[in-house]
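Report on the following structure.
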Amino acid sequence: MLLFAMGFLLVILQPSSGQFPRACANTESLLKKECCPPWDGDGSPCGELSSRGFCQNILLSQAPLGPQFPFSGVDDREDWPSVFYNRTCICEGNFMGFNCGECKFGFSGLNCTERRLRTRRNIFQLTTSEKDRFLAYLNLAKNTPSQDYVIATGTYIQMNNGSNPMFRNINVYDLFVWMHYYASRDTLLGGSNVWRDIDFAHEAPGFLPWHRVFLLLWEREIQKITGDENFTIPYWDWRDAEDCVVCTDEYMGGRHPTNPNLLSPASFFSSWQVICTRSEEYNSREALCNATSEGPILRNPGNNDKSRTPRLPSSAEVEFCLSLTQYESGPMDKMANYSFRNTLEGFADPRTAISNISQSGLHNALHIYMNGSMSQVQGSANDPIFVLHHAFVD
């Protein structure tokens, strides 16, 4: 799983800032296996005339695969994005994006040469107007169709090897919910057979950098639809919290007065519909999540399995994790001991750094504690608390 996770991560870092650029979600691009859209600035593929980038063959790792995934050629995500495209834009200098039309993170200006420092802040240190603007941005993202990206509603084989494209529009917020689902979904092996022990975004060294890029891309899309170039995701510092202090109508939505599993009707998040939460249904239909609405956000903080997650993480546990000197160790998965990544992810005891998958610590503890949409890996990003949580983990 390690090699797949790292391979998936590296591809996201290099040529593309999203899963499926709209400009390449067509029969011609799929059959040609090329995704090198023109940059609007000069009309050339990848902005080549302006030396922004070039259309090149993708580079794939030649390292041997690990034993965790005993299949080959059955999952569209293997050696991503080679199943769909084997030529993409390779950007030069400080340019990035599927057509080299954007600046790398931390840069701005016409030629992406100006350094720009943005700072994420504690959500409780925002002014009322800043907090309200953040919530309004979330709601705008939930109701604004993505201009640049679409989602796949079928596998490459179901697309008849590219001759029958299967894509769908999606709003900006749900694009990232779907991306998180797509990276962590089960592998369809044909018929009723699936492989569940696979995840391209968790349980491996790629967990932290994958989610870092995920958040940066999410911030970038919010900046684009709002025109607010200084926007950053706030974080929730959950150390030593006795309950979900962001679970109020003033912030991320309080508890429903009669149904503890739902959000308060006074919060506009109560009207949000989740997607990509029914993995067993998709598996039985041999289908991908197509972003159909599946019901309201579920959340019941604190009413989780106390034997697995008795409380929210403490400052002492965070400090112990930060004292670990090895980023990764041993099998480099959820069984790793003395691994900073595995301890922070929550599969190792935050007091000893010894693997203990019967417990959920640090990052995992928050997901389990929320006891609803957040506790389902594939659909966890449906709950907007997800971005506050991962901004703090980052």
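Taking label positions 7 Å along the Cα-Cβ direction at both SER72 and SER323, the computed distance is 4.6 nm, reported to one decimal. In the chain, a dipole from Cβ-located charges (positive for Lys and Arg, negative for Asp and Glu) runs towards its positive end, and of CYS289, GLY93, GLN19 it is GLY93 whose Cα lies farthest in that direction. Restricting attention to the chain, the count of lysine pairs at 8 or more positions apart or across chains with alpha carbons under 28 Å apart stands at 9. Mean silhouette area of the stretch 259-392, derived from the convex hull of its C-alpha atoms and averaged over all directions, reads 9.6 nm². Here the mean projected area of the convex hull built on the C-alpha positions of the stretch 150-267 is 11.8 nm².
Among the chymotrypsin sites (Phe, Trp or Tyr not before Pro) in the stretch 274-339, those located in a DSSP loop and surrounded by at most 16 other Cβ atoms within 10 Å of their own Cβ are TYR327. A Förster radius of 45 Å combined with the Cβ-Cβ distance from ASN164 to ASN143 puts the calculated FRET efficiency at roughly 0.90. Could you tell me what percent of the accessible area of the chain is made up of carbon and sulfur, with a 1.4 Å probe and every protein chain present? Roughly 51 percent, rounded to a whole number.
Considering only Cα atoms, the convex hull volume of the stretch 315-360 works out to 52 Å³ per residue. Taking only Cα atoms, what is the 0 to 90° angle, nearest 10, from helix 172-184's long axis to the longest principal axis of the chain? With rounding to tens, the tilt is 90 degrees.
For the chain, the relative contact order is 15 percent, taking Cα pairs closer than 8 Å that sit 6 or more residues apart in sequence and dividing their mean separation by the residue count. The mean accessible area for residues of the stretch 85-138, using a 1.4 Å probe and ignoring ligands and nucleic acids, is 54 Å² per residue. Checking Cβ-Cβ separations below 4.7 Å across the chain identifies CYS321 as cysteines lacking any candidate disulfide partner.
Seen against the Cα atoms of the chain and their longest principal axis, helix 128-142 is set at about 50 degrees. Placing one identical point scatterer on every Cα of the chain and ignoring solvent, what is log10 I(q)/I(0) from the Debye formula at q = 0.09, 0.11 Å⁻¹? For the chain at q = 0.09, 0.11 Å⁻¹, log10 I(q)/I(0) is -0.54, -0.83. Surface analysis of the stretch 315-360 yields an accessible area of 48 Å² per residue, using protein heavy atoms and a 1.4 Å probe.
When only the Cβ of Lys, Arg, Asp and Glu is charged (+1, +1, -1, -1), the dipole of the stretch 108-192 relative to its Cα centre reaches about 340 debye.
The values are calculated or read from the model by the stated rules, or taken from the named source; none is laboratory data. Because the structure is predicted, anything quoted here is derived from the model rather than measured. Cβ atoms come from the backbone with ideal geometry, glycine included; neighbour counts cover every protein chain shown. In case anyone asks, the SASA skips ligands and DNA or RNA and just uses the protein heavy atoms, side chains included. Shrake-Rupley method; radii C 1.70, N 1.55, O 1.52, S 1.80 Å.
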